[in-house]
Each structure stands twice: as C-alpha cells, then as structure tokens.
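Here's the structure we're looking at; comments come further down.
Taken together, the values in this text are just the output of simple stated rules run on the coordinates, not laboratory data. Because the structure is predicted, anything quoted here is derived from the model rather than measured. When we count neighbours, we look across all protein chains shown, and the Cβ atoms used for this are built from the backbone with ideal geometry, even at glycine.
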Amino acid sequence: MYKRLTFVIMLAVLFISGVSGKTIRITPQWYPQAQFAGLYIAEKKGFFKDMGVDVQIVHPSGTESSLDMLRDGKTDIAMSQLIDALTNYDSGFELLNILQTSERNSVLIVTREPLDSIQQLSGKRVGHWKSGFSEGAFIMNAELGLNLRWIPYNSDVSIFLSGVLDATLTMIYNEYDQILMSGVELTEKNVFPLSDYIVDAQEDGFYTTPEFYNNNIDDVWKCVTAIKEAWEWARIKSHRKEAVEIVMSMLKDFNLRSNITHQRYMLDKILENQETKDGVVPYMVDPVRFNELVSLMRRYGFIFNEVDYNDMVITLEK
Amino acid sequence: MRQKKFARRLTGFIMINVGFCFALASFLVIKWSTDNNRKNAIENSFNKLDLIELNIESQLSKVSAVVDNFGKTLENQIKNGQCGYEDFENVTQLILQQNSNVVGSIVALKPYYFPQYEYCAIYSSYNSDHEIETNKLGGISYDYFTADWYVVPVLSGKTYWNDPYVETEAESIEMTTYSYPLKDASGEIIGVFTADIAINAINAFVKNLQLYEHSFNMLIAKNGTFISHADSTKLLNETPMTEAILYNSASMEKMAHDAAKGIRGYGVVGDPHKDYENSYFVFYTPVPSANWTIASLCPIPDVFESTYIMGNRLILVFVIAFVVLSALTILIISRLASPLKLFAKSAQEIAEGNLTTQLPAIKVHDEMFQMHESFRYMQKSLISQISALKTTTAAKERVESELNIARNIQMSMIPKMFPPYPERNDIDIYAFMRPAKEVGGDLYDFFLNDNKFYFAIGDVSGKGVPAALFMAVSRSIFRTFVQSDADADFIVRSMNAAVSNNNDSNMFVTLFVGILDLKTGHLSYCNAGHNPPVVMRADGSCVDFMQIEGRKNLPIGLFEDAPYDRHELTLNDHDTLFLYTDGLTEAENHKAELYSDERLLKTLSSVGSHIPMRDLLDNVLADVEAHAAGAGQSDDLTMMAMSFVFGKENSLALEDEKTLSDAHSENYRKLEMINNIDQINNMAQWIESLTDEFGINMAQSMSINLALEEAVANVIMYAYPKDGKEYTFTLDFDVDENRNSTWRIVDSGRPFNPTTKADADTTLSAEDRKIGGLGILMVKKIMDSVEYERIHKQNVLTMKVILKE
C-alpha cells in the first residue's frame, strides 16, 4: 500500500518534471550472449533513446555476480534468476522484480548414458555451475532424495565431455547446445527437464533496489518498456538475423569467441522460453509458481523466511 | 549420289555402334578409374592423415612424457614426505627450463593441502622479458577447483589433455594443458601437475601437410571446436556441427558425431552432381591421446584430378578417333562400293538390250568379285538364252505359221459356205466346228448328189496335228466313197478298212454317216461309235437321241474287218437332225462339270426346230459357252444341224417371179459400188451430198450413214467369194414429198437375208450376244423399216426412214 502510494506520487513528480537525464546502469547476469539480446537491442536500436532514458550496460566480472554488483551499488538494475533473487532477498537484500522476461524454466539435466529415470542418477557425479543458477537442481536433489554428488564447474562443458561426470546441469539455450555442437548425440533418455520434477521456476528477471526504484520510477518504467519493446522487436522473425548480429558485435567487442549458429539458437530458445505454452508473453512473475517456489526453498532450507509476492514483485503499468 | 548415300548410311550405322561401344568403354574406364581413384584417394588420404596424427601424437607425447616423468618424481617426493612448497616451485621452473615448448607449468593442490591455504596453485611461466616467473595463484578470482585441467584428472585419476584455449585474447595464442594427477602415498590425489604448451607448432604442421593442392586440414578438440582451421575466425569457435547446420551438410554432421566418439571415417560434403567444383571429401581420424580428431577437407576435383584429366583426354581421343574413323569409313566404303554404281549402270544397259556391255573390273577376290562373276554369268546366260529364245521363237513362229496354214487347209476341207445350196430352200443346214487347238480331229462333211444328201460327222481320237491329219485322211476317204452311191454301212466299212490299214498310230474315228433321200425323207445311216444325233420332230412330239437297236458299231480304224450295221429312219418336213461331237456334251466348266446330254436335249427342246439351223446352232453354242463360263476348251467342238422339206425341188422359180421395182421419183439417186471396204468412204461422201441436197438433219444423217455402213460392209465382206475379183452392187436413194426416204442395197452375192438374224439381246454382254446380230439391230433401230427380198438372184435390202430437217 505504502509502496503503491509512493509510486503514484513519484510518478506524478517525474511526469511533471520530465526526464531525469541520469544514466541508468543495467547489468546482465553474465558476459555478452544472446540470452541478453533484449538489452543490447534496446541499446543499439535506440529503444532506450526513444524512451528518453540513458542506459549503460555494465557486465559482471567473473568474480562478482550481477546481484553482487547491485548490492554493492555498482549497477542500478541487475538481471538475475528468480531463485537467486529469492536467496538474496531472504538473506536481507531487498530486491524488487521490475520485469520478468523468462516465463519457463530452462534447466536440463543431461546424462552421459541414457537412463530410464532420473532416479538412476542417484549418488552419481553431476556437474553444476559454480557461479550460481544451480539452486533449482539442488532443490530437486533434495525433493527426490537423489543424493547427487555435485561437481562444480566454470563455464564450458569440457568436464562433462571428458567423461568424468555422469551428468551435468545445462541451460537449454546454452550448455545443452554446446554439448550437441560438440557432436555428442543425445536421446530423450539423456535429457531430463528440471521442471518435470519441481515447480516450473521462472528464471531471468530484472531487479533493482527499492531505493533506486523509488527515486527513478519513471526511468525504471522507461527502461522496462524499452527492454520489452526490444524483445518484441527480436521476436519478429525477419528481425532475428539482425538481432543475432547485434549480439555477435557485443561478443566481438568483448573479445569473446562464439559462433552465429550457437547465438542464433540461444536467441530462439530464450524467446521461446519467454512465452507460455499458448504463445503469450506475460513479462511478469507468476504468483502461484512464486509462492510454490518460496515454499520449496523454505522446505529445503534454501531460504528461511516467507517472501511475499507483492513485496518483491512490482508490476509496472503506465 | 546414291552410292554416297549408301556409304553415308552404312557409315552412320557403323559409327552409331562404334560410338555406343566407345561411349560405353569410356564410361566403364572412367567409372572404374574413378572408383579405383576413389579407393586410392581414401587410402592415400588416410595414410597422410595417419602421418599427421603420428606427428601430433609425437609432439604431444614429448610433453606428456616429460610431465609424466616430473610428475612421478614429484609423487615419489610426496610419498617420501619430502615435497614442500619450494619443491613444487622448482619442478614448475625446471620443466620450463628443460623444455622449450613448455610455456607454463602449475602444481595445483587440493584445498588445504597446505593447511594455511585453501587454494594453492604454484604457477611458473615466462614474463615479458622471457624470464621464468613463479606465482601462487588461487582464490575467488582464480577458482582452479572448477577448471577442467584440475577437475578431470582429479576425478579420473588419469592424465588429461584439455581442450585448447586462448591464453590471452590479445595474443590469440592457442594453448593446451597437460595435467598429471599427483597422488600421495595412500593413492589419494592431492593435486595436479601441468604443463602448458602452445600448439602453434602442431598447427603449423597440420596446416602445411596438405593432402591435395587445395585441401586443408582441421584439428578438432573434444568439445568439437576447431583447434586448427584454414579460416582463423573459426578457431575455438565453430565446430563441425555448427558447420553442418550452417551448410546443411549431412557429412559434416556425421563427422561431428564420429569425432565425438573417436571414430575414423570419411564422407562427401556438398553435392558433386550439382556443384562439382565446390564439393569435398572429408577424411578424419582420432588423435587418441588428446581425444582430438584430425580431419582433411579435400576438393573432389583435386582428388579426381587425374581421373578428370584422364577422362577428358579419353573423351578427346574418343571424339577425334570418332571423327577420323567416320571420315575413313565413309571413304573406304565409298571406294569399296564404287563398283556398285557401275554394276547398276551395266545392269541398266543389259536391261535395255545391250547384253555385251562391259562390266566393271574387280581385282580383289571378295564379294564384289563374286557379284562381278555373277553378273558376267548372268550376262552370258542372258545372251545364250535370248539367242535360244530367238531360235525357239522363230521355230515357234514357223510352226504357228504352218499350223495356221494347216488350219486354213483343214477349214477349207470342210464346207463352210452357208447356206451351201442357196438356190434350194428345202435344205437348211448349218455346221460349226471349233478345234481345241490350231487344228482339230473333228470332221463333218456333206455332199448332195442327185437328191441324195450324204452327210457325215466324226471325231478322231486325240487332238492337234495328229488328229487333224487323220481327220483329213478320213474326210478324203468319205468323199471318195460318197460319190460311189454306196450305202451308209458300206461307206463306213470301206472307210474303216482304209483307215485301219497301216494305222501304226492306232488312232480311231467315231463316225456317223447318213444318206438322206430328199424326196422321201428316208434316212439310212451307220453310226460307228459316235454320239447318237438328236432327232427333233417338227411337231414337237420328240426331241431325243437317235435310238440304235441291236449291235453297236465300233469306231473305225480299230479293226480292219469290223462289222458295221446300217439303220433306217424317216424324217418328216422340218424335222431337225442335230449332230455333234463329244466336245459339245463333254464341254467342262471350271468345276469340271460336263455340259451333258441332258442339258443338250433341254436346250434343243427350248429352242425348238422351227428356226433356222444357224440360229439353232448359235443358241446351242451360246448355252455351251454359258456353261463353260470361260473355262478352256478341252476338246474339239463340232455341231451340224439340218432340216429339210422333202419333195420340194427347185423353188427358185418363186424367186424368179419377183421383179425389182423400177419406180423412182425425181429425187432418186444411185451409187455404184464394188466389194472393197474403201467404198465406205465414197458412200459417206454420197450420203453427205444427199444430206446437203435434201436438208437432212445432221444427227440423222450420221445415223443413216452408220446403218448403211453396217449393211454395205456386210455385203462387201460376206456377199461375194474371196477370189480377188471385183463385184459390183448398188446403193440407191429415193424420197417423197412427205420426206419418206427409201434406201436400197442390191447385190448379186450369195443369198443372205440379214433380217432373219435374231435381234441381238442388248441386255446380254458382248460376249454373250450372238455374233452378227448387233449390226442388223442397229440398222433396225435407226431405220423405220428393213425388208429383204431375193429377186432374180439378187439380194435386195430395202430400208425406209422419215427424214428430219
């Protein structure tokens, strides 16, 4: 209630006062890749500019996550997975979800050998991302009592390909494709979607602090609008090629190696995961799944406190 | 021109077959060569790839061997508890010092190996001054516990070559790290010892050893990325799978899968059929120690260059050979076949009658020579046969001529002037004989001697000249005896005796001899084996064959002393006696059916006896010919019919009582004519003058001319004897005021009444109509009336018609 009133007042102030003229820093979760195409498109295609907001995209380092940067004031808006955000929120870092781009969970458990059920992985070595995004799998492990032996890894799938792991966590839009592009042939019995075992937890979203939000409601709304418009622009099939080229240019700027095929695949999958099964893009956190996720995380000790949906999630409407 | 076309056509056939064989042979050679080349190329490519692989393994093994040695040494030290921090430092520095290809080395220890350190990674490398520098690494910023070069050997317990990476993007140096898991005395892995090498040397070797001129090699890491590639933008970036997706290549996809499994193989990239220039063979084989794959992309044109060149040369040779062969073949065939034209010309000349024309000379003893010999033989044979033919033809013509003469002689021997006794109207006789060949064996004869009428009909056995000669003999003998007033049986016996004597040919004659008393009608006859005549009573009471009771007489000529009986019969006025030979009743049609006695009787019955004998015979003849229906005459056919009025003597007085009318008008005109067919023209001119004078309608004038031409021609041709003498006759004309014209022909030839000829049945065909009837029919059609009179031994034919203007 309080927040809503503040929002309206600030909105009015901002509307009267006009554009703030301030540079908004936005940080994606990782190094440039098609997962964050909406950001890059919003910048390159002038969606931010059209909204009258000045945005700087600031990427995280290898040692600091985007939420760390948000907490440390090194960025204004940070992308994060919902689970990660909940963990941080529970630990006292009040976050506000201002935009939810991911609608469906992307985690796939890929096994070295074909299995008839996930239970056959019990006690086996499973690779996971050291840097985060593995909490959903940890919850599944606890939920199913698989007693998996987690092996952390950095980024690429070389450890899995070396054969020392029995399975690995992958994102459908990234590591899963990396495994396929290495030439390994996978069947249905090698791939187990996480959402088959726990709630279909949403992933990528944009977060900011309440303070920033309150002081920059209008700009925040503009950023969110621009990002949404950028994603909708990318969704148009005829724009897809250009969208990938924008991503590739970002990779080049960061001296990062990737190939168009992989980035195109990643972009297609990210856009797919933004849609419901009916093809609708809600751009918001589903309250039912939110509450279910909170419940799960609490059950297995990933968070300890109840998190109210409305406390964490802001739906911006003009 | 014809020969050239033949040569061209033959050459065409030959060259089509040759072309087909050449093409098939070329196809097979190129195919076999391609298959062989493909097999060799694959084998050769794999041999070269194996060399590259061995070289890579060699270079890798040099490093791995060193690291393994150092690692073992370290392990021994660790096991003996003699390995401290400095020892780890030393070993990383030493390996750099002793191995120029090692650019970095690390000993990364497990957490809290040294209790004070969670992370402890001792790393030596070259600094910018190319001096070895050792640092301790590890922490949140360098979490080596999650690096593959650490995790994999720790988890597997085995050495590990990691997938190449770029140390610094700025320098773009591809590196790879070999890790050796360090174990303590209990066998627990306490860390890893690594050596980093730059793989530029490997890359250089991979790049330089080309299998073919335009081929290039690729080194592929375990994660699929290209370690070495002709396109540097693909390094550590693209994989065979991304290439397969990008270029929609099934072969690249297969290679990606095989490389991931460490399988050796090859495939075709691109579509050689659609885009030969941009299609490739890809050969690949694993580098087992590093789990890499070495591949080579070879342009198919390069692989099959030798086959392609050979194929092109083969095709060129084929085309040149084909053209040369075609030209030579045409030339040779033209030369070989050139005599054909000459043969054709010779054949034409021979056909035109020049039998002695020169044939083309053939020197070579082949089929042409055989043709030449055949032509020569044909030529000689033709000359010989034509000469023989000429001789034969001349002889045949002579024989035919003699036969014609013989026929004329034979015909002259039998009575053929009818009526034979024009001054007598009590005798109506007509006879007809038609030999089967030029001369025949039938005979008939009759002789009037003082009111006794002798007649005979006979049939000599056989046909042709022999029978004709026998007939002549028989007839002569008949004539001899009939003048002796002998009885019929005596005549026959005498003829038999004469004919039987010296009858070496054993021929015989069936004979019927009759002697008729013209006063009483008494007929005495002797039938020597001949067909019985038919008696036709004038009252119609009987038309039947003459019945002979008692012994049947034999034909004459068989036995010299054979008996012959005579028989009697009385004829009444206008009774008709019809005599014939078996050529009549045995006339056959195409079905070999005989005319038969029955049909003869039927015909005679239907015709009746109250008609002139000529007409009677014409009827019978027509019926026989109708039966024969064009079938050939197999035997001599003779008929003789006679009818009498008995007791009447010279009845010419009646004729003498008539007078020729002399009454004429002023329009009377007269033309004197002689029995010469050229007179017809005079007549035509005379008629023309009358046409002009009396204004006769032109069409009618032409019709009248036609009718008179027919009547006059009849007189010219038949009225007078053919003795070469000129006989005169007249044609006169008169017309009254009503334009009733009278045209009259008066001749003193033999009695002949053309009006008694039955009108021709114009509904019948010309062949079926009685001969002579058509002319009088035409005259009767043109003229209003036609009348005949015999006046003072003259034939007077009077024709009347009304003239049209």
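Taking other residues whose beta carbon is less than 14 angstrom from the beta carbon of B:N501, and scoring Lys, Arg as +1 and Asp, Glu as -1, yields -2. Compute the distance from the alpha-carbon center of segment B:1-69 to that of segment B:101-142, in whole Å. So the separation of the two Cα centres works out to 56 Å. Approximating the spin labels as points 7 Å out from Cα along Cα→Cβ, the B:F559-to-B:C21 distance works out to 8.9 nm.
State the answer as a single residue: which of B:N44, B:V63, B:G81 lies farthest towards the positive end of the charge dipole of segment B:1-136, with beta carbon charges of +1 for Lys and Arg and -1 for Asp and Glu, about the Cα centre. Projecting each Cα onto the dipole axis, the largest value belongs to B:N44.
Test of understanding: what is the full-extension gain from B:K79 to B:Q547, defined as 0.36 nm times their sequence separation minus their Cα-Cα distance? Numbers along the way, then the final one.
Values: separation 468, 0.36 × 468 = 168.48 nm, distance 16.57 nm.
Roughly 151.9 nm would be gained on extension.
Taken one residue at a time, the phi angles of segment A:279-285 give Karplus couplings (6.51, -1.76, 1.60, θ = phi - 60°) of x, 8, 10, x, 6, 8, 6 Hz. Gly and Pro are set to x. Overall, chain B carries a charge dipole of about 2020 debye about its Cα centre when +1 sits on the Cβ of Lys and Arg and -1 on the Cβ of Asp and Glu, all other atoms neutral.
In deg cm²/dmol, rounded to 500, what helix-only [θ] at 222 nm does chain B give when every DSSP H run of at least 4 residues adds -39500 (n - 2.57) and the total is split over its residues?
Values: 18 runs with 340 residues, N = 805.
Using -39500 (n - 2.57) per qualifying helix, the result is -14500 deg cm²/dmol.
Each residue of segment B:350-360 is assigned a 3J(HN,Hα), and the resulting list reads 5, 4, 7, x, 7, 5, 9, 4, 6, 8, x Hz, derived from the Karplus form 6.51 cos²θ - 1.76 cosθ + 1.60 (θ = phi - 60°), x at Gly and Pro. Between A:A234, A:Y176, A:N190, the Cα set farthest toward the positive side of the dipole of segment A:168-246 (charges on each charged residue's Cβ, about the Cα centre) is that of A:A234.
Across peptide B:220-227, the mean count of Cβ atoms from other chains lying within 10 Å of each residue's own Cβ comes to 5. Here the calculated FRET efficiency for B:Y117 and A:E211, from their Cβ-Cβ distance with R0 = 35 Å, stands at 0.35, rounded to the nearest 0.05. Simple spin-label estimate for A:T23 and B:N589 gives 13.5 nm between the two label positions (7 Å along the Cα-to-Cβ direction from each Cα). Remark: mean inter-chain Cβ contacts per residue of B:144-152 equal 6, using a 10 Å Cβ-Cβ cutoff to other protein chain atoms.
For the protein assembly as shown, a simple Cβ point-charge model (Lys and Arg +1, Asp and Glu -1, everything else neutral) yields a dipole of about 2360 debye relative to the Cα centre. Across peptide B:229-237, the mean count of Cβ atoms from other chains lying within 10 Å of each residue's own Cβ comes to 2. Here the relative contact order of chain B, from alpha carbon pairs under 8 Å that lie six or more residues apart, stands at 7 percent.
Among the trypsin sites (Lys or Arg not before Pro) found in segment B:351-403, those both in a DSSP coil and sparsely packed, with 15 or fewer other Cβ atoms within 10 Å of their Cβ, are B:K363. Once the Cα atoms of helix B:250-261 and of chain B are each reduced to a long axis, what angle between those two axes, in degrees from 0 to 90 to the nearest 10, is obtained? Rounded to the nearest ten degrees, it is 40.
In this calculation the C-beta distance from B:E666 to B:Y718 is compared with R0 = 30 Å, giving a FRET efficiency of 0.30.
Between the Cα long axis of helix B:2-79 and the first principal axis of chain B there is an angle of about 10°, rounded to the nearest 10. Ranking A:T225, B:I802, B:L731 by how far each Cα lies toward the positive end of the dipole of the protein assembly as shown (charges on Cβ) leaves A:T225 at the top.
Take the Cα of B:E133, go 7 Å toward its beta carbon, and the backbone nitrogen atoms of segment B:97-117 under 15 Å from that spot belong to B:104-105.
May I ask you to list the chymotrypsin sites (Phe, Trp or Tyr not before Pro) in segment B:239-343 that are in a DSSP loop and have at most 15 other Cβ atoms within 10 Å of their Cβ?
On the way: sites: B:Y247, B:Y266, B:Y276, B:Y280, B:F281, B:F283, B:Y284, B:W292, B:F304, B:Y308, B:F318, B:F322, B:F343; in loops: B:F304.
Loop-located and lightly packed - none at all.
Angle check, please: helix B:597-607 long axis (alpha carbons) against the longest principal axis of chain B (alpha carbons), in degrees 0 to 90, nearest 10. The helix B:597-607 is inclined about 60 degrees to chain B.
Our note on the geometry: Cα centres of segment A:53-76 and segment B:508-554, 162 Å apart.
If a paramagnetic tag sat 7 Å from the Cα of B:K781 along the Cα-Cβ line, which residues of segment B:610-632 would have the backbone N under 18 Å from that point? No residue passes the distance filter.
Here the calculated FRET efficiency for B:R335 and B:N47, from their Cβ-Cβ distance with R0 = 60 Å, stands at 0.55, rounded to the nearest 0.05.
Taking label positions 7 Å along the Cα-Cβ direction at both B:K804 and A:V280, the computed distance is 11.9 nm, reported to one decimal.
Normalised by the number of residues in segment A:103-161, the mean separation of alpha-carbon contacts (under 8 Å, six or more apart) gives a relative contact order of 40 percent. Only Lys, Arg, Asp and Glu carry charge here, each on its Cβ (+1 for the first two, -1 for the last two); on that basis segment A:107-196 has a dipole of about 320 debye about its Cα centre. Across segment B:784-799, the residues whose backbone nitrogen lies under 19 Å from the label position 7 Å along the beta-carbon direction of B:N738 are B:784-787, B:799.
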